[in-house]
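Enquirer: Have a look at this one.
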Protein chains: 2
Amino acid sequence: MDNKTISEARDTLGALLRKPYESLQADVYAKLEARGFPDVRPAHSSVFRYIRPQGSRVTDLADSAQMTKQSMAYLAGSLKDLGYVRIVSDPDDKRAKLVVLTARGHAVWDALIELRDAAENACAEMIGRKRMAELRAILKDLGTAIEASQR
Amino acid sequence: MDNKTISEARDTLGALLRKPYESLQADVYAKLEARGFPDVRPAHSSVFRYIRPQGSRVTDLADSAQMTKQSMAYLAGSLKDLGYVRIVSDPDDKRAKLVVLTARGHAVWDALIELRDAAENACAEMIGRKRMAELRAILKDLGTAIEASQR
DNA sequence: CTAGTTAGACAGATAATCTGTCTAACAAAA
DNA sequence: TTTTGTTAGACAGATTATCTGTCTAACTAG
């Protein structure tokens with residue numbers, strides 16, 4: 001057989017992690033589109049993932065999402081243009097802006113949670129609740145260990 | 001506590017999958033840079049991951065990587081400019097081009113395998129070989145189940 | 001031999017990131 | 001209180017990585 005590629009017919013850990021992740025994301029965003037939010041894109045998840053109910057500063061969101069404030073400002077700005085957030089001045093610090101979900105933004109937030117839970121449950125059904133619990137436990141361990149090794 | 005975010009203090013499956021994946025990737029590409037290949041970027045992995053020793057057509061690479069042939073042509077072209085591949089006419093089909101690794105490209109290919117294996121082994125050390133085997137087994141199951149559910 | 005399909009090129013657009021510089025506002029220290 | 005340093009974000013500009021659409025040359029099948 002002359003079909004050798006970098007994976008050498010073996011499942012790499014990277015591929016094993018990436019495939020379900022991408023499926024999960026594709027599923028959630030396809031269904032979000034079907035629910036009437038076609039303009040919310042995966043990149044926006046950095047905002048929805050970390051935004052707090054009272055609103056969050058661009059800088060804080062950028063820190064959470066591990067990206068530059070310029071990049072986060074771009075994402076927040078695009079969500080503002082699409083009507084999912086308002087950007088208001090922070091009363092506690094006149095330099096700062098708060099990114100705050102609009103009603104439509106809240107609807108997306110709720111939908112994202114619901115769709116994520118549904119997708120995760122579907123996965124759990126597929127492989128069994130017990131194995132899913134085991135998977136989560138190992139992944140959590142691995143994440144913690146990697147984090148520790150980086151410090 | 002007023003710290004509620006979309007994750008509601010819970011580890012989402014997406015985050016659990018994403019974090020180790022990104023760490024693995026960052027580690028491999030940082031070390032690749034340290035080895036003298038600073039211009040090979042994660043996006044190029046679509047090429048290195050699927051390219052065959054005899055070379056591969058742009059279209060085939062695009063299919064494997066699940067992207068458009070235009071996008072793959074862009075990546076192949078950028079690797080050509082950087083000296084990691086040559087793009088030669090396919091003798092079997094005058095329309096087609098073969099993307100073929102140069103010596104330098106082969107060096108990257110080898111390094112990627114070595115670094116990937118090292119990174120995976122490091123992970124296995126962290127959580128234990130047995131748990132890593134279990135992780136792989138469950139992820140493989142999950143991947144298969146998701147694939148099946150999509151067809 | 002003609003009709004349809006495929007491979008890739010070319011043109012153009014957009015999304016999602018980055019770096020660098022600048023100003024206003026805040027915070028801390030003298 | 002005034003200066004000095006830091007922080008928040010804005011603005012400008014660049015790059016990377018993707019997309020769609022159209023076109024031509026070459027292959028393939030009827």
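Enquirer: Could you pull out every residue, at least 5 positions away or on a different chain, whose amide H is within less than 5 Å of the one on residue B:98? Hs are placed 1.01 Å off N in the peptide plane, and Pro or chain starts have none.
Expert: Under 5 Å from the amide H of residue B:98 lie the amide H atoms of B:88, B:89, B:90, each far enough along the sequence or on another chain.
Enquirer: Applying the Karplus parametrisation 6.51 cos²θ - 1.76 cosθ + 1.60 with θ = phi - 60° to the phi angles of region B:104-118, what ³J(HN,Hα) value in whole Hz is obtained for each residue in order, glycine and proline being reported as x?
Expert: Karplus-based 3J(HN,Hα) across region B:104-118 equals 5, x, 4, 4, 5, 3, 4, 4, 4, 5, 4, 5, 4, 4, 4 Hz.
Enquirer: For an R0 of 30 angstrom, estimate the FRET efficiency from the Cβ-Cβ distance between residue B:151 and residue B:126 and round to the nearest 0.05. List each step's numbers first, then the result.
Expert: Working: r = 35 Å, r/R0 = 1.18.
After rounding, the FRET efficiency stands at 0.25.
Enquirer: Another question about this same structure. Relative contact order of region A:20-151: what whole-number percent is it, with Cα pairs under 8 angstrom and at least 6 residues apart? Mind showing how you got there, number by number?
Expert: Values: 113 pairs, mean separation 28.8, N = 132.
Once normalised by length, the contact order is 22 percent.
Enquirer: Right, another one. Can you list residues from other chains, or at least 5 along the same chain, whose modelled amide H is less than 5 Å from the amide H of residue A:85?
Expert: The answer is A:80, A:102.
Enquirer: Where a Cα-Cα gap under 29 Å defines reach, which lysines qualify for residue B:69, not counting those fewer than 8 residues away within the same chain?
Expert: Here the lysines satisfying the reach criterion relative to residue B:69 are A:4, A:19, A:31, B:80, B:94, B:97, B:140.
Enquirer: Then there is this: Which ³J(HN,Hα) values in Hz, rounded to whole numbers, follow from the phi angles of region B:84-100 under the Karplus curve 6.51 cos²θ - 1.76 cosθ + 1.60, where θ = phi - 60° and Gly and Pro get x?
Expert: 9, 9, 10, 10, 10, 5, 7, x, 7, 7, 5, 6, 8, 10, 9, 8, 10
Enquirer: Helix-only estimate, please: 222 nm mean residue ellipticity of the protein assembly as shown, summing -39500 (n - 2.57) across DSSP H runs of length 4 or more and dividing by its residues, to the nearest 500. Show your work: numbers first, answer last.
Expert: Values: 12 runs with 192 residues, N = 302.
That comes out to -21000 deg cm²/dmol.
Enquirer: For residue B:51, which sequence-distant residues (separation of 5 or more, or a different chain) have an amide H within less than 5 Å of its own amide H, given hydrogens modelled in the peptide plane?
Expert: For residue B:51, whose amide H was placed from the backbone, the distant partners under 5 Å are A:6.
Enquirer: Under the Karplus relation 6.51 cos²θ - 1.76 cosθ + 1.60, θ = phi - 60°, what is the ordered set of whole-Hz ³J(HN,Hα) values for region B:51-63, x standing for Gly and Pro?
Expert: 5, 9, x, 7, x, 9, 6, 3, 4, 5, 4, 4, 4
Enquirer: Between A:82, A:15, A:112, whose Cα lies farthest towards the positive end of the dipole of chain A when Lys and Arg beta carbons carry +1 and Asp and Glu beta carbons carry -1, centred on the Cα centre?
Expert: Result: A:82.
Enquirer: What Rg and what Dmax come out for region A:22-151 when only alpha-carbon atoms are used, in angstroms?
Expert: 16.9, 52
Enquirer: For a test of the definition: using alpha carbon positions, the gyration tensor, and the 1.5 limit on a/c, classify the protein assembly as shown as rounded, prolate or oblate.
Expert: Values: a/c = 1.76, a/b = 1.47, b/c = 1.20.
Judged from the Cα gyration tensor, the protein assembly as shown comes out prolate (a/c at least 1.5, a/b above b/c).
Values quoted throughout were computed directly from the atomic coordinates according to the rules given, and no laboratory measurement underlies them. Just so it is clear, the model here is predicted, and its values are computed rather than measured. Every residue, glycine as well, gets a Cβ built from its backbone with ideal geometry; the counts of neighbours run over all protein chains shown.
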